[in-house]
Amino acid sequence: MTAPKTRKDLALAPVAVEIDRNLRRLRAKTPSEVDYEVSLELDKPAIPNTREMRAERLLMVALRGVDMHGWDAGLTEDLSAVRLTGGSVSLDIAIGASAMEFIAEPVAV
């Protein structure tokens, strides 16, 4: 068992739960539905519609409304998870297959 080593470590669970909650509603959707939900949530189109921009937008939705309590978040190199860092441990939260597909390829309109 890993015990918290700093005060910041105590805030990891609530941060992770909120990010997971934001991602949970995207995991059961198709890539085109993920695209729609991300655009709706951010209220702006993805311009330019590049892989990097789609990844950035998905991360924005994952972190929306989350009090980070000093934790840092970014997508993993393989774009499969949100990685929380900044405490004595790090934690990866899976984004889901549809979200990964959404990032990888633009949705055909």
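The values are calculated or read from the model by the stated rules, or taken from the named source; none is laboratory data. Remember, predicted model here, so these are calculated numbers, not experimental data. We place every Cβ from the backbone using ideal geometry, glycine too, and count neighbours over all the protein chains shown.
Number of residues in the stretch 35-52 that are free of Cβ contacts under 8 Å to residues at least 40 places away in the same chain, in a loop (DSSP other than H, G, I, E, B) and not acidic (D, E): the value is 6.
So which residues in the stretch 75-89 are free of Cβ contacts under 8 Å to residues at least 40 places away in the same chain and loosely packed, with under 13 Cβ neighbours inside 10 Å? Give the derivation first.
The first filter runs over the stretch 75-89 and keeps only residues free of Cβ contacts under 8 Å to residues at least 40 places away in the same chain, leaving 75-81, 83, 85.
Passing the criteria: E77, D78, T85.
With respect to (1) at pLDDT below 95; (2) out of contact with any helix residue (DSSP H, G or I) (no Cβ under 8 Å at 6 or more places or on another chain); (3) closer than 19 Å to E105 by Cα, the lone exception for A46 is condition (2). Every test in (1) crowded, with 16+ Cβ neighbours inside 10 Å; (2) assigned to a loop (DSSP other than H, G, I, E, B); (3) more than 13 Å from the chain's Cα centre (by Cα) is passed by A11 save one, and that test is (2). Taking the criterion of being buried (at least 16 other Cβ atoms within 10 Å of the Cβ) and part of a loop (DSSP other than H, G, I, E, B), would at least one residue in the stretch 53-63 satisfy it? Looking through the stretch 53-63, none of the residues is buried (at least 16 other Cβ atoms within 10 Å of the Cβ) and part of a loop (DSSP other than H, G, I, E, B). In the stretch 65-90, the qualifying residues are those that are more than 9 Å from the chain's Cα centre (by Cα) and charged (D, E, K, R), and the one that is nearest to R21 (Cα to Cα) is D67. Considered as a group, the residues in the stretch 20-47 that are at negative phi and of a type in the set (D, E) include one that is surrounded by the most Cβ atoms within 10 Å (Cβ to Cβ), and that residue is D35.
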